[in-house]
Amino acid sequence: MTLLTKNPNVNKWVDEMIALTKPDKVVWLDGSEEQLDALRAEACATGEMIKLNEEKLPGCLYHRTLPNDVARVEDRTFICTSKKEDAGPTNNWCDPKEMYAKLTPMYDGVMKGRTMYVIPYSMGPIGSPLAKVGVEVTDSIYVVLNMAIMTRMGVQAFKNLGDSSNDFVRGLHSKADVDPEKRYIVQFPEDNTIWSINSAYGGNVLLGKKCFALRIASYQGKNEGWMAEHMLILGIEKPNGEVKYVTAAFPSACGKTNLAMLIPPETYTKKGYKVWTVGDDIAWLKPGKDGRLYAINPESGFFGVAPGTNEKSNYNALASTRKNTIFTNVAINNDDMTVWWEKLDKNPPVNATEWKGAKVNGPEYIAEGNHLAHPNSRFTAPAENCPCISPEFNNPEGVPVSAIIFGGRRAKTAPLVYQSFNWQHGTFVGSIMASETTAAATGAVGVVRRDPMAMLPFCGYNMGDYWGHWLEMGRILGDKAPKIFNVNWFRTDDDGNFIWPGFGDNMRVLDWILERCEDAVDAVETPIGYEPKPEDINVDGLEGITTETVRGLLSVDKQLWLDEAKGIEEFYSKFGDKLPKELADELSSLKERLG
Ligand code: GTP
Ligand code: SPV
Ligand code: MN
């Protein structure tokens, strides 16, 4: 075993994890291609991964998880703080001592007969003042290969840590027996520690992602004066070459990857507009030297939802997956060893293997009402593959943020877009977010639930304190704070069809948002915030959508909003005296304005 760092804190902790899990062998990941290649070959030899068509999908691998292990498990995810109130009413809580005592025997000897991989990684560009180091130990090659795409992984990560710092996040993962009854995803924010066991899927096991970059990082951000958010980051280049950056928080599977990589409609491209992707899922935000808010993407790849991704809906995401990508739980076309998922194209493979591993006739299987790919099947693609990756992607200082956008899936209530009156009201707008649930987490799909700032499953401390932190950041940023907006691409007509075309056409809404940030367009004051005049949303080149359609999409149904206010009040009441007074005031003002 070769140590990769002299840092005694890292080495001592890894020694403890070895003593606990008792692997046969320990391998430190240095990040070299040779080492990763050997692991790819090993995983293909054991059947853990399947090699795809080297000509059509060079460097691409396929992986299938157990059918009981296909999404995040929110009911088995815990925030373990010494005091229960520090986890708050929206998190599962357990006393840290009790949780360590419960899990330690489960980890005892769990890696006997297996290899432990020690993965050093950086969340954020190497050398960035906003970056943070993590070390994950795992018994899964799938985790190693995904972390190699999703993070800056290998010995380079230790550069940021140095030889003596203790500021790294300790991640212990074992797939154990992948027993859903014994599955735990546990954050110990006070110890910079994450323990995950009995899963081998995505956000449960790629510990740099949701566990660290959101749950642990949100807690660190509160204590250190920055923010970790479930947000995409994109740059909009205007015809004069100037680029403005916005971030957007939507719940899981509600369109972040799509918006982050959008291709503007022709009415914009012919004028010279372009969109640049900085991030598609997570943003770390901190005030810069000039007092503005700056954002980095702590990740270096995309763990994106496959179904629905196609040439038309998200050309750039699809292009990102054409090499060096891992596909999880999609379908295989056995004729040429390529991949397929719902809505990729209209030709499901006849000679298919569906996501659970059965050989089926694709068209017939679908006609019988089955999915070939799991609805939460994913691709893990390197960000550098993305045709529209921002030149600022690796900028250690991040990019300045002009606007923050909230949004979710709402069939009726929320209008296409509105702007908050100010930062405090914007914090309120984020706090009252709600969305219909998706396949990204286990549980019922399509049920409306409150999901403040899209952080319900990801806030590592009391959500009331988190809102307090948002308000505090607004005070620090003052008049340099980004403007805050809310969008909804998912209003439906009476037949349940989406009215707004969405995808690339969402540029038309971003356009209005930027104009508002530049004070270049008027707005209409409504009880819920500022809305566009319908004619200020560009519908040039849209089929079947007129200014009248836009008027409908912007309508605010007072009765629905009064009902909404009741739902908010009920939700807020869970937080007791942790609810910031400013938000209670905003709710009263909303009710007054609704009359
Ligand atoms: P996570 O990775 O789970 O955080 O998801 P995400 O927020 O990145 O969502 P993603 O962009 O992958 O989109 C999820 C689903 O929403 C896909 O099925 C998309 O096709 C669909 N979707 C995305 N944008 C739009 C839109 O503007 N309109 C409509 N109707 N659907 C959209
Ligand atoms: C999400 O669910 O928001 C994701 C996928 O981005 S996972 O990494 O599984 O959390
Ligand atoms: Mn996400």
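The values are calculated or read from the model by the stated rules, or taken from the named source; none is laboratory data. Everything numeric here is computed off the predicted structure, so don't read it as measured data. Here Cβ is always computed from backbone atoms with ideal geometry, including for glycine, and neighbour counts include all displayed protein chains. For the accessible areas, the whole protein counts, side chains as well, though only heavy atoms, and no ligand, DNA or RNA atoms are used. Shrake-Rupley method; radii C 1.70, N 1.55, O 1.52, S 1.80 Å.
Remark: the stretch 323-444 carries 35 Å² of accessible area per residue (probe radius 1.4 Å; ligands, DNA and RNA excluded).
Take the alpha carbon atoms of the stretch 265-279, find their center, do the same for the stretch 192-214, and report the distance between the two centers in whole angstrom. Their Cα centres are 35 Å away from one another. As a ratio to 2.2 N^0.38 Å, the alpha-carbon radius of gyration computed for the stretch 90-152 takes the value 1.45. Neighbours of G127 by Cβ distance under 13 Å: Lys/Arg scored +1, Asp/Glu scored -1, total +2. Antiparallel beta bridges, as assigned by DSSP with both residues in the chain, represent about 65 percent of the total such bridges. The stretch 314-444 has equivalent-ellipsoid semi-axes of 36, 23, 12 Å, by the square roots of 5 times the alpha carbon gyration tensor eigenvalues, sorted largest first. The convex hull of the Cα atoms of the stretch 228-292, projected and averaged over all directions, covers 5.0 nm². In the calculated pair-distance distribution of the chain, the portion above 30 angstrom amounts to 51 percent of the Cα-Cα pairs. Residues in the stretch 9-118 average 48 Å² of solvent-accessible surface per residue, probe 1.4 Å, ligands and nucleic acids excluded. Once backbone amide H atoms are built at 1.01 Å from N, N324 has G59, C60 as its partners under 5 Å, excluding neighbours fewer than 5 places away on the same chain.
Sorting 120-133, 41-54, 520-533 by their mean Cβ neighbour count within 10 Å, with the most densely packed peptide first, gives 120-133, 520-533, 41-54. Using the Karplus relation 6.51 cos²θ - 1.76 cosθ + 1.60 with θ = phi - 60°, the per-residue 3J(HN,Hα) values for the stretch 265-281 come to x, 4, 4, 8, 4, 6, 7, x, 6, 9, 10, 10, 8, 9, x, 10, 8 Hz, with x marking Gly and Pro. What's the carbon and sulfur percent of the chain's accessible surface, probe 1.4 angstrom, rounded to a whole number? Heavy-atom surface of the chain belonging to carbon and sulfur, 1.4 Å probe: 49 percent. Counted by Cβ distance under 13 Å from A228, the other residues give a net charge of +2, where Lys and Arg count +1 and Asp and Glu count -1. Amide hydrogen proximity for V350: with H placed 1.01 Å from N in the peptide plane, the residues at 5 or more positions away or on another chain lying under 5 Å are G362. Across the stretch 395-407, computed HN-Hα scalar couplings (Karplus, 6.51 cos²θ - 1.76 cosθ + 1.60, θ = phi - 60°) run 5, x, 7, x, 10, x, 9, 8, 9, 10, 10, 9, x Hz from first to last residue, x flagging Gly and Pro.
Roughly speaking, what is the centre-to-centre gap between the stretch 400-414 and the stretch 298-321 when only Cα atoms are used, to the nearest Å? Result: 21 Å between the Cα centres. What angle do you read, to the nearest 10 degrees and between 0 and 90, between the alpha-carbon axis of helix 463-477 and the longest principal axis of the chain? Approximately 70 degrees, to the nearest 10. Restricting the stretch 356-462 to GluC sites (Glu not before Pro) that sit in a DSSP loop and have at most 14 other Cβ atoms within 10 Å of their own Cβ leaves E368. Taking all protein chains into account, the per residue accessible area for the stretch 149-266 stands at 26 Å² (1.4 Å probe).
Placing unit charges on each Cβ (+1 for Lys and Arg, -1 for Asp and Glu) gives the chain a dipole about its Cα centre, and among V246, G464, P400 the Cα reaching farthest toward its positive end belongs to G464.
Checking the cross-link pairs K274/K346; K412/K566; K222/K483 against a 18 Å limit on the alpha carbon distance flags K274/K346; K222/K483 as lying beyond it.
Where the only charges are on Cβ atoms (+1 Lys, Arg; -1 Asp, Glu), what is the dipole of the chain about its Cα centre, to the nearest 20 debye?
Around 860 debye, computed over the chain.
Treating each Cα of the stretch 302-385 as an identical point scatterer and summing with the Debye formula, the log10 of I(q)/I(0) at q = 0.23, 0.25 Å⁻¹ comes to -1.08, -1.24.
Determine the relative contact order of the chain: mean sequence separation of Cα pairs under 8 Å and six or more apart, normalised by residue count, in whole percent. Once normalised by length, the contact order is 14 percent. A probe of 1.4 angstrom, applied to the heavy atoms of all protein chains, finds D495 with accessible area near 130 square angstrom.
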